[in-house]
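Structure first, commentary second.
The values are calculated or read from the model by the stated rules, or taken from the named source; none is laboratory data. Keep in mind that this is a model prediction, so the values were computed, not measured. All Cβ positions, even for glycine, are placed from backbone atoms using ideal geometry, and neighbour counts span all protein chains on display.
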């Protein structure tokens with residue numbers, strides 16, 4: 001198996017953990033990629049001022065993403081992913097399984113909270129601060145971006161789960177990238193509703 005191959009530093013993960021890791025990666029991509037593409041900046045420039053305009057926008061984008069993921073966790077479509085493994089089903093009673101998976105979902109709700117996603121994002125952002133995002137590379141090369149796979153997925157999933165889920169700022173990001181807009185930090189205020197208000201969004 002690849003996870004056992006020397007020098008690859010691989011590890012074996014369960015189906016549900018792989019799903020969670022993929023969602024976390026998607027959230028990181030949905031923030032860093034479009035913002036760097038619009039602002040034409042390196043990854044690290046997004047995280048320089050934790051009290052500035054970008055920090056406020058990132059906070060709201062993470063809140064919208066968190067709300068989508070938390071509703072998704074409680075949707076029946078995730079049952080097949082979060083179901084017991086064959087080993088668990090063999091070794092545990094139904095009551096033990098029910099208790100375990102209640103706790104699992106509770107842990108995932110916390111893992112997908114705005115605050116936890118923010119901590120993860122800033123950690124990753126620091127590690128890749130000197131890098132140029134793939135989306136910025138694509139727009140510079142005149143190639144099609146993955147904005148629909150990242151932010152577009154969040155918008156579509158929100159619509160599938162609950163029409164009341166607010167993903168306004170992710171929808172705006174999709175439009176800006178599709179339209180090829182190039183902005184500076186000050187001009188973001190003209191496009192994003194959260195930046196026109198002095199109220200701080202938090203959970």
| request: Report the residue count in the range 131-140 for those that are farther than 23 Å from residue 66 by Cα and either in contact with a helix residue (DSSP H, G or I) (Cβ under 6 Å, 6 or more places away or on another chain) or not in a helix (DSSP H, G or I) (or both). | output: 4
| task | Considering only the range 167-192, state which residues are over 26 Å from residue 74 (Cβ atoms), within 21 Å of the chain's Cα centre (by Cα) and touching a residue at least 24 places away in the same chain (Cβ under 8 Å). | result | 176, 177, 178, 188, 192
| task | Considering each residue of the range 117-130, count those that are more than 11 Å from the chain's Cα centre (by Cα) and either in a helix (DSSP H, G or I) or under 15 Å from residue 23 (Cβ atoms) (or both), and give that number. | result | 7
| query | If residue 164 passes every condition in (1) part of a loop (DSSP other than H, G, I, E, B); (2) touching a residue at least 60 places away in the same chain (Cβ under 8 Å); (3) more than 21 Å from residue 139 (Cα to Cα) but one, which one does it miss? | reply | (2)
| note | How many residues of the range 11-32 are surrounded by 15 or more Cβ atoms within 10 Å (Cβ to Cβ) and within 30 Å of residue 48 (Cα to Cα)? The answer is 10
| task | Looking only at the range 172-184, decide whether some residue is at pLDDT below 95, on the phi < 0 side of the Ramachandran plot and part of a loop (DSSP other than H, G, I, E, B). | result | no
| What number goes with the only condition from (1) modelled with pLDDT under 95; (2) surrounded by 14 or more Cβ atoms within 10 Å (Cβ to Cβ) that residue 100 does not pass? | (2)
| field | Hits in the range 46-70 (condition: in a helix (DSSP H, G or I) and without any contact (Cβ under 8 Å) to a residue 12 or more places away in the chain) | value | 55
| Of all residues in the range 78-97 being in a helix (DSSP H, G or I) and surrounded by 11 or more Cβ atoms within 10 Å (Cβ to Cβ), the one that is modelled with the highest pLDDT | 78
| said: So, residue 148, is that one loosely packed, with under 15 Cβ neighbours inside 10 Å and modelled with pLDDT under 95 or not? | reply: no
| note | For the range 172-196 the number of residues that are surrounded by fewer than 17 Cβ atoms within 10 Å (Cβ to Cβ) and either more than 17 Å from residue 54 (Cβ to Cβ) or touching a strand residue (DSSP E or B) at 6+ places or on another chain (Cβ under 7 Å) (or both) is 4
